[in-house]
1. Identify all residues within segment 106-142 that are among the aliphatic types (A, V, I, L, M) and crowded, with 17+ Cβ neighbours inside 10 Å; write none if there are none.
2. Out of the residues in segment 80-105 that are of a type in the set (A, V, I, L, M) and crowded, with 21+ Cβ neighbours inside 10 Å, state the one that is nearest to Glu37 (Cα to Cα).
3. When you scan segment 48-63, how many residues do you find that are over 12 Å from Phe102 (Cβ atoms) and touching a residue at least 60 places away in the same chain (Cβ under 8 Å)?
4. Could you list, in sequence order, the residues of segment 17-30 that are out of contact with any Pro (no Cβ under 6 Å at 6 or more places or on another chain) and within 21 Å of Ala51 (Cβ to Cβ)?
5. Of all residues being of a type in the set (A, V, I, L, M) and more than 14 Å from Lys180 (Cβ to Cβ) in segment 74-102, which is nearest to the chain's Cα centre (by Cα)? Just the residue, please.
6. Return the residues of segment 28-45 that are hydroxyl-bearing (Ser, Thr, Tyr) and within 10 Å of the chain's Cα centre (by Cα); say none if nothing qualifies.
7. Please list, ordered by residue number, the strands (runs of 3 or more DSSP E) wholly in segment 65-173 having 2 or more residues that are under 20 Å from Gly25 (Cβ atoms) and either free of Cβ contacts under 8 Å to residues at least 60 places away in the same chain or not hydrophobic (A, V, I, L, M, F, W, C) (or both).
8. Yes or no: segment 159-176 includes at least one residue that is at pLDDT below 95 and β-branched (Val, Ile, Thr).
Amino acid sequence: MALVGSIHVNHGTKLPEFSLQDASGVSYQSSQLAGEEGLLVVVTCNHCPYAIAVWPRVIRLAKAFRAKGINTVAINPNIHPDYQEDSPEAMKEKVTEWGIDFPYLVDADQSVSKALDAQCTPDIYLYNADGELYYHGRIDDYWKDENKVTKQELIPAVEAMIAGHEAPATQYPTIGCSIKWLDE
């Protein structure tokens, strides 16, 4: 597993239009996912240690953000024959095991992850109510152990976005496992 960081994506970049299914075959349109205040998009998977470490935070934050009008969607680009632990069947198991209560979608052809310029799992994007990228960065300053976090970064970004403030000037990249691209 190669360690990779997310790359810079310009603020204001529009959320790509897409239609993806969850592991049970239910379709979701990007235009219907956002809450009144915006949408948190997390490109992630089941097997990467970085993704596994932040899944509990993502699930907990999704609940808190939903109450503020921000919905969450997770997208798995690692639908790859060499990574069965990321298969749709394994995704169904994780939805139940981890209590994921927002759409966890299958990006089987990886087109959505490529359109987002995603590089790693997890790769985190916060879009405002107009579908424009407001924040692209990490959740906090310590991925490995949330008990050692000294600075929250996603929560203040959400609060600033809802308050109508400018996006945070400093947005640190997420780090994680490389996406398992089908064409590489």
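1. Val106, Val112, Leu116, Ala118, Ile124, Leu126, Leu133, Ile139
2. Step by step, filter segment 80-105, then rank; the result is Leu105.
3. Of the residues in that region, 8 qualify.
4. Phe18, Leu20, Gln21, Ser24
5. If we take residues in segment 74-102 being of a type in the set (A, V, I, L, M) and more than 14 Å from Lys180 (Cβ to Cβ), then Ala74 is nearest to the chain's Cα centre (by Cα).
6. Thr44
7. Where strands (runs of 3 or more DSSP E) fall fully within segment 65-173 and carry at least 2 residues being under 20 Å from Gly25 (Cβ atoms) and either free of Cβ contacts under 8 Å to residues at least 60 places away in the same chain or not hydrophobic (A, V, I, L, M, F, W, C) (or both), they are 70-76.
8. Checked against the condition, which is being at pLDDT below 95 and β-branched (Val, Ile, Thr), segment 159-176 yields at least one hit.
The values are calculated or read from the model by the stated rules, or taken from the named source; none is laboratory data. Note that the structure is predicted; figures quoted are calculated from it, not measured. Reconstructed Cβ throughout: ideal geometry from the backbone, glycine too, with neighbour counts over all protein chains shown.
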